[in-house]
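Structure record follows, encoded as structure tokens.
Laboratory data are not the source of any read-out in this text; all were calculated from the coordinates shown. This structure is a prediction, so every number in the text was calculated from the model and none was measured. Here the Cβ positions follow ideal geometry from the backbone for every residue, glycine too, while neighbour counts run over all protein chains shown.
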2 protein chains.
Amino acid sequence: MRLYNSQLSGNCWKVRQILALRGIDYERVEVDVFDRSNRPELLGGKNPALRVPTLELDDGEHLAESNAILWYFGDGSPYVPDDPLERARVLQWMFFEQYEVEPSIAVARFWITLLGERDRYVAELESKRRAGNRALAALDAHLDGREWLVGDAFTVADISVYAYTHLAEEGDFDLGEYPNVRAWIERVAAVPGHVPLDA
Amino acid sequence: MRLYNSQLSGNCWKVRQILALRGIDYERVEVDVFDRSNRPELLGGKNPALRVPTLELDDGEHLAESNAILWYFGDGSPYVPDDPLERARVLQWMFFEQYEVEPSIAVARFWITLLGERDRYVAELESKRRAGNRALAALDAHLDGREWLVGDAFTVADISVYAYTHLAEEGDFDLGEYPNVRAWIERVAAVPGHVPLDA
């Protein structure tokens, strides 16, 4: 199996994390997240969105979108629950992640820490800051009195939302304002089999 | 069952469509998409994102995110396939929809047709136009030679992506540039049990 990967990407980390938890071997093809000019050549016909992660399965089929890949490898394992409503809630948090968390926190982090261009994006960063803080406040309220996002166990929803939330300070967000989020980040990082972003 | 709904929203339409296909009765609570000041009072404790659709189930539990609701009511029906890879691909297209289609096409439509403020948003519309056309081009290429987004049957992926794609012209997108998308829109609208946006 071959993962078109960026070691810098939280979306790619999700895939590396679930594959590590499931003990599945794969090779990595490192893809440039700054110069995207070779994307059509590299990912055309594999992923309509031309993004990483893109996974090539052993039979040559492809699968894309980090949260769809999490579901594919999580379903049937302890990381996706059996109860239909809990399963739907795992998906609810993964859609929340792609709509509320990723476009705000991941993009702010990309501009500020990966590109190092905070000044260039100062106007756009204002709306990212508002959206990201709204998402973090929603998460913090939900995690009040809860150990995990869904039910009473660590699931692929926690993997998904952790991916960029634990990097929020690289996007100038202050996690000190969100104590429930910060405690949950520590719980996720302590799960047996956790892999860090740079592993 | 009670749906916190906006009749104008493509995301809410997805829920109305799957409930109609499954023959499930529900009541609607119409929520204002212009004046959002009552959202905390109306949706607090029900949906962390304070958005519609939010569904209150018969037992008083809540479920949010349109695509998670599609999965909840689609799984176990002909609208979600059985094969694990096809299931993951249905999710792939639904994540593509929330990341690529909705933030571009739905937002452009909201500014231009619902708010009637094309001139006010002229700068932001330029990036929405680029992102929306990129999504439509990816869809059009994928639908070349395919009847449906995943496998050989109509699924909740088609419901999800149709929701805003069929409204693209209300966001100033020219579907005439995307003949495969246009033919697929006609196929979705001809599915037995299809409900229009304003039904």
> Between A:GLU41 and A:SER77, what length comes free when the chain is fully extended (0.36 nm per residue of separation minus the Cα-Cα distance, one decimal in nm)?
Replying inline: 9.5 nm
>> Using a 10 Å cut-off around each Cβ, can you sort A:LEU55, A:LEU136 from fewest to most neighbouring Cβ atoms?
In response: A:LEU136, A:LEU55
> Fewest to most neighbouring Cβ within 10 Å: what's the order for A:THR165, B:THR155, B:THR113?
Replying inline: B:THR113, B:THR155, A:THR165
> HN-Hα J couplings of the stretch A:187-199 from phi, Karplus 6.51/-1.76/1.60, θ = phi - 60°, integer Hz, Gly and Pro as x?
Replying inline: 5, 4, 5, 9, 5, x, x, 4, 10, x, 4, 8, 7
> Just the Cα atoms of the stretch B:2-74, one point each, no solvent: what log10 I(q)/I(0) does Debye give at q = 0.12 Å⁻¹?
Replying inline: -0.27
> If you take the beta carbon distance between B:LEU115 and A:ASP144 as r and set R0 to 25 Å, what does 1/(1 + (r/R0)^6) give as a FRET efficiency, to the nearest 0.05?
Replying inline: 0.10
>> Can you find, among A:TRP13, A:VAL33, A:THR54, the residue sitting farthest towards the positive end of the charge dipole of chain A, where Lys and Arg contribute +1 and Asp and Glu -1 at Cβ?
In response: A:VAL33
> With a sphere of radius 14 Å drawn around the Cβ of B:VAL188, what net charge do the other residues whose Cβ falls strictly inside it have (Lys, Arg +1; Asp, Glu -1)?
Replying inline: 0
> If contacts are Cα pairs under 8 angstrom and at least 6 residues apart, what is the relative contact order of the stretch B:2-74 in percent?
Replying inline: 40 percent
> Can you list residues whose amide H is under 5 Å from A:GLU117's amide H, if they're 5+ apart or on another chain and H is modeled 1.01 Å from N?
Replying inline: A:ILE112
> Near the amide H of A:VAL29, under 5 Å away, which other amide H atoms are found, from residues 5 or more places off or on another chain, if H is placed in the peptide plane?
Replying inline: A:LEU3, A:TYR4, A:ASN5
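As an exercise, use a Förster radius of 25 Å and the Cβ-Cβ distance of A:ASP32 and B:ALA137 to find the FRET efficiency, rounded to the nearest 0.05. Show your work: numbers first, answer last.
Numbers: r = 22 Å, r/R0 = 0.88.
Efficiency, rounded to the nearest 0.05: 0.70.
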> Which distances, shortest first and in nm, link B:ARG187 to the matching position in the other copies, using label points set 7 Å out along Cα to C-beta?
Replying inline: 4.4
> Distance in nm between label sites at B:ASP59 and B:ALA199, each 7 Å beyond Cα in the beta-carbon direction?
Replying inline: 3.0 nm
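Over all alpha-carbon pairs in the stretch B:45-158, figure out the percentage whose distance exceeds 22 Å. Please report the intermediate quantities before stating the final value.
Working: 3098 of 6441 pairs.
Cα-Cα pairs in the stretch B:45-158 separated by more than 22 Å: 48 percent.
Compute the relative contact order of chain A as a whole-number percentage, counting only Cα pairs closer than 8 Å that sit 6 or more residues apart in sequence.
On the way: 260 pairs, mean separation 48.9, N = 199.
For chain A, the relative contact order is 25 percent.
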> Dipole of the protein assembly as shown (Lys/Arg Cβ +1, Asp/Glu Cβ -1, origin at the Cα centre): which of B:ILE185, B:LEU136, B:VAL80 lies farthest to the positive side?
Replying inline: B:LEU136
> How large is the helix-only mean residue ellipticity at 222 nm for chain B, computed as the sum of -39500 (n - 2.57) over DSSP H runs with n ≥ 4, divided by its residue count, in deg cm²/dmol to the nearest 500?
Replying inline: -12500 deg cm²/dmol
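If you take the alpha carbon radius of gyration of the protein assembly as shown and divide it by 2.2 N^0.38 Å, what ratio comes out, to two decimals?
Details: Rg = 20.0 Å, N = 398, 2.2 N^0.38 = 21.4 Å.
In units of the globular-protein estimate, the protein assembly as shown measures up at 0.93.
Just how large is the dipole of the stretch B:2-74 about the Cα centre, in debye to the nearest 20, putting +1 at every Lys and Arg Cβ and -1 at every Asp and Glu Cβ? Intermediate results must be reported in sequence, preceding the final value.
Working: 9 positive and 11 negative charges, 59 e Å.
Dipole size: approximately 280 debye.
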>> Once you place label points 7 Å from the Cα toward the Cβ at B:ILE24 and B:ALA189, how far apart are they in nm?
In response: 2.7 nm
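Would you work out the charge dipole size for the stretch B:34-105 about its Cα centre, treating the Cβ of every Lys and Arg as +1 and the Cβ of every Asp and Glu as -1, and quote it to the nearest 20 debye? Can you show the working numbers first?
Details: 6 positive and 14 negative charges, 58 e Å.
Charge dipole, the stretch B:34-105, about its Cα centre: 280 debye, nearest 20.
Just flag the GluC sites (Glu not before Pro) in the stretch B:83-141 sitting in loop per DSSP whose Cβ has no more than 13 other Cβ atoms within 10 Å.
Numbers: sites: B:GLU86, B:GLU97, B:GLU100, B:GLU117, B:GLU124, B:GLU126; in loops: B:GLU117.
Passing sites in the stretch B:83-141 are B:GLU117.
From the convex hull of the Cα coordinates of chain B, what is the mean projected area in square nanometres? Mind dumping the intermediate values first?
Numbers: hull surface 45.1 nm².
About 11.3 nm², averaged over all directions.
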>> If you average the C-alpha positions of the stretch B:6-75 and of the stretch B:118-170 separately, how far apart do those two centres end up, in angstrom?
In response: 22 Å
>> Once the label point is set 7 Å along the Cα-to-beta-carbon vector, what list of distances in nm do you get between A:ASN38 and its counterparts in the other copies?
In response: 5.7
> Where both residues lie in the stretch A:1-112, what percent of DSSP beta bridges are antiparallel, nearest 5?
Replying inline: 60 percent
